Each structure stands twice: as structure tokens, then as C-alpha cells.
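Please treat every number below as a calculation from the coordinates, not as lab data. Computed from a prediction, not measured in an experiment: that's the story for all the values here. For neighbour counting, all protein chains shown are included, and Cβ atoms are generated from backbone atoms with ideal geometry for every residue, glycine included.
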Amino acid sequence: MEITVVGCGYVGLVTAVCLSHIGHKVTCVDIDKEKINQLQNGLSPIYETGLEELLQKNIALGRLHFTTNHKDSYKNTEVIIIAVGTPPKQDGSANLDSIYQTALDIAKSIVNDGIIVIKSTVPVGTNSKIQRYIQENLISNVHFDMVSNPEFLREGSAVYDTFYSDRIVIGTNSERAARTLSAMYKKFNTQAFITDPSTAEMIKYASNAFLATKISFINEISNICEKVGANVEDVANGMGFDKRIGHAFLNAGIGYGGSCFPKDTRALVHIASDVEHDFDLLKSVINVNNKQQKLLVQKVVSTLQEIKGQHIAVLGLSFKPNTSDIREAPSIKIAEQLIELGANVVAYDPIANENAKAVLPNEVRLVSTKEEAINGSDAVLILTEWEEFKDMDLQIYVELMNKPIIFDGRNCYDLKRVKKHNIEYHSIGRPIINAYMDTTLFLER
Ligand code: UGA
């Protein structure tokens, strides 16, 4: 099949590469010349496990092309997939400027019948509006069908998620389009769920909002656990055995970040208010998340008493492991608070240092190894659960820190493992381990 993907961001690029890998001829377009240049040379502008290898392979096989020439790439293609950004506006609603611009370009370029797919996350009703908008602006007498086809890819494992997804949602009023899209995705071997466009659009928001709800819920439970002396990890495990609940997305931490959950939860609150529905539950989820991102620093303050002039090491800056993305990462707010309190902050991330430089306060010193960050520090804050931190020898903290005090925002270490070292360890929703004052008696139970 001949497919054009518009937008070479996370979603567009991964989709394009994976579709070419299952044998389709894919052209990927973007307005960013530098990015296209890089991609034409087989270099991925984003860090995504397995992506660059597949990119190079499929370029070499002649199935994958990159261009800035929008008009030509829309002309003779069967399916156009729109995967441009829908960033949040000041009021939380989605900015659809790029979607409308792309729709106009398509209307003024297509000369054959075809299918137009919106993969970008868009408010409910957008597919119908875009269908009318394209229809009104068409310059040729062609027929096109419209499909809402939301994505459920996690950054860091987006390639894996594309090949092994739980579901493919196809929202369309056209049986022909549903058949064509099902055939296009057939080799991914996943059941397609076919519905109408508005329902498909809502499935996307409802899924992200529900996952965010699970996270805020377990974070609230973790805060209570800390006060009553329970262990949130075991609570989540115990809950997860119930198949109606499941184990996934019950890891307590410093709150969700990234380019999706914060944006989509705010957008859904906005979508609800547009139809005069006050989405109280989701507003609370967002509030809990904002509060959760501040709690770790409060713990540091109450433990160290005086933060001013202290050397604080931050390990991990990306919003989660295996990505260099720091958009809405909790590390940003945490670093800002620490700097405001007068701490000397030294930070390290295995791959996000470069991206972090642009958004972190200038006072944060970025270093290229975790040892450099930890060396001589008065406290370590772990903000991303990279394997590199999880696997490290804990004795490094004892050897390199002034006095080993760790604030682990991601529960990277088993408590029994920590107890073997002379470390003071504060994690989320679990008892404090204090080498000097044993406060963990109930662990022995
Ligand atoms: C999320 C969804 O998981 C994808 O299904 C969706 O397609 C994507 O958004 C999107 O809308 O494009 P992503 O933002 O890449 O994917 O990352 P997640 O793995 O979902 O993690 C989001 C945040 O939640 C991270 O900050 C992570 O640390 C946090 N999280 C996740 C927790 O705090 N606890 C958990 O148990 C799970």
C-alpha cells in the first residue's frame, strides 16, 4: 500500500517506520528541513529503542522516504496519516492549528480518491469538522473517507508497542475505509476495534485519563501508607492480583509527566467543560499530580532542615526511563524548587542532559556520570528509574557522599537491599530506612 505520514514526531516517525517494515511504501513529510535531512541520512532525531535500526533498514530497502514536499507526497497516495502535534494552549485545550493547516494542504493537493486518517490526539468531534473543512476546500473532484485512528504508544517502547499493541482503534463511518485500514495493519496481528469517529477520539482521551487516574490514586495511597507505616509496593501488588484491577500503572512515585498525560488530562477537562460537564474526578487527578511533584522536596527539607548551600545530586531528568524526553518531567519542578531553596544542584541523566539544559534553571550543573554527581553530595534525589541507577552498587553512595542520604522518587531499590548498607533511605510510600536509627522494624515481620 502507498501511505503518506504527515509529521515526523514520535508518533508519526514510529508509525511510518513500522508500516514500512511490514512492507508498505511510506513517505514521511515534515516542514522541518533539518529533521528531514537527518532522517534521509538514516539518523533518528529521537531516542527510541530499535527505531534507528529499522529506519536504516527500510530506507535501504527503498520502502521509506522522507521529504519536505507536502504537495507531491499527497498526490498519489492511498492513505494519508496525519500525525502532527496538538500542543496545549494556555487554557488547556488542544491547539489544532497544524491539523487545520495540514488539512488545507491536503485538500489543495489530492487528485485521487483516498483515505485521510487522523492519528494526532484531537478533541471529540474534530474528525467530522476536518472532514467538512477538507470537503469545502477540495480543488479536485475526488472522494475521500475520514478515519480517527488514535495511537497508544509509550515513549521508549513505541516500536515494541506498534508491533505488539493491545488494540487498534479505527473510528470511521465508512465500511470501505474500515476494511482498508484493517488490511493496512493486518501484519501487526492485532484485533482492530471498529467504531465511529467520535467514539474513537474519546477512547484515546479516556484511556490516558484512566491511566493517569490509576497513578494519582496509588500516589495518594502511598502518602497515607507513609503515615500509617504500610508499604505501598505491597499494597499495589496485593491489589493487582485482582484481575479487575491489574498490576499495571500502580507504581507510586513523584507524579506522571511527559507530553501526553498532563496535556490530555487537561484537554479532557476542557472538552467536558465545553459541554457543561464538570469533570471533578479528573480535576482531582491533576491536582494530586501537581502536589505529588512537590512532596519529595518537602521530605528533603524536613530531613536536612537547611538546604541552602547543600550539595544535592539529582539522578535522572527524563520524565521516564529509555527516553531523552523531558517534557513536563517532574525533575524540572523539583530542580526549580531546590535552586529556589539555595541548594547547589548537580544533575545527571544517561541521555537527557542535552534536552534538560534548555529548560532547567541555569544554576543546575549537568555532569556526564552519576559518580560525578554523587561525589561529595549531601543528598541524592533519584527522579527517573533508569536501569543504570537500579543496577548500581549501593556502596558507591556510601563511598562518595558526605553522608549517604537518598531520596528515591521512583522506589528503585528493594528495602532489604538498602538495609545492607550504611544509608539513610527515603522512598515513596515505604518505611524510611535509617542505618543509624532502625525505624524499619515491621520489615522483619
Ligand atoms: C502514554 C500512554 O501510556 C500511551 O498509551 C499513550 O499512547 C501515550 O501516553 C500518548 O498519549 O501518546 P507515555 O507518555 O509515553 O505514554 O508514558 P507512560 O509510560 O504512560 O508514562 C507516563 C508517566 O506516568 C511517566 O512520567 C511515568 O513515570 C508515570 N508513571 C507510569 C507512574 O508514575 N507510575 C506508573 O505506574 C506508570
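Side notes on the structure shown:
- In the chain, the longest principal axis of the Cα atoms and the axis of helix 51-60 are about 30 degrees apart.
- Estimated vicinal HN-Hα couplings, Hz - the stretch 396-402 in sequence order (Karplus 6.51, -1.76, 1.60; Gly, Pro = x): 4, 4, 5, 6, 9, 8, 4
- Lysines whose Cα lies under 25 Å from that of K416, excluding same-chain neighbours fewer than 8 positions away: K227, K299, K320, K370, K390, K403
- Cβ-Cβ distance of N434 and S174, R₀ of 56 Å, FRET efficiency by 1/(1 + (r/R0)^6): the value works out to about 0.30.
- Kirkwood radius, the chain, all distinct C-alpha pairs, inverse of mean reciprocal distance: 23.6 Å.
- Degrees separating the helix 261-274 axis from the principal Cα axis of the chain, which is the longest one: 60 degrees
- Mean separation of Cα pairs under 8 Å and 6 or more residues apart, divided by the residue count, gives the chain a relative contact order of 11 percent.
- Placed amide H near I118: partners under 5 Å, 5+ positions off or other chain: I82, V147, S148, N149
- 5 angstrom amide H check on I382, placed H, neighbours 5+ away: L315, F407, D408, G409
- Candidates D325, D196, D349: whichever shows maximal mean-square fluctuation once the chain is modelled as a Gaussian network with Cα springs under 10 Å: D196
- Segment E371-E306, length gained on full extension (0.36 nm per residue, minus Cα span): 21.0 nm
- Looking at the stretch 164-224, the chymotrypsin sites (Phe, Trp or Tyr not before Pro) that sit in a DSSP loop and have at most 13 other Cβ atoms within 10 Å of their own Cβ are Y164.
- In loop segments of the stretch 184-278 as defined by DSSP, the trypsin sites (Lys or Arg not before Pro) with at most 13 further C-beta atoms inside 10 Å of their C-beta are K243, R244.
- 3J(HN,Hα) along the stretch 229-238: x, 9, 10, 4, 5, 5, 4, 4, 4, x Hz, from the Karplus curve 6.51 cos²θ - 1.76 cosθ + 1.60 with θ = phi - 60°, whole Hz, x for Gly and Pro.
- The string of couplings for the stretch 316-321 from the Karplus curve (6.51, -1.76, 1.60, θ = phi - 60°) is x, 10, 5, 5, 6, x Hz, one whole number per residue in order, with x for Gly and Pro.
- Rounded to the nearest 10 degrees, the inclination of helix 197-228 to the longest alpha-carbon principal axis of the chain is 0 degrees.
- Taking G12, G376, G316 in turn, the Gaussian network model of the chain (Cα-Cα springs below 10 Å) assigns the largest fluctuation to G376.
- Beta bridges assigned by DSSP with both partners in the chain are antiparallel in approximately 10 percent of cases.
- Between A206 and R417, residue separation times 0.36 nm minus the direct Cα-Cα distance comes to 72.1 nm.
- Over all pairs of different C-alpha atoms in the stretch 2-195, the reciprocal of the mean inverse distance, the Kirkwood hydrodynamic radius, equals 16.7 Å.
- Percent RCO, i.e. relative contact order, over the stretch 2-195, from Cα pairs under 8 Å lying at least 6 residues apart: 20 percent
- Note on the chain: with a GNM built from Cα contacts shorter than 10 Å, the maximum mean-square fluctuation among T265, T15, T180 falls on T180.
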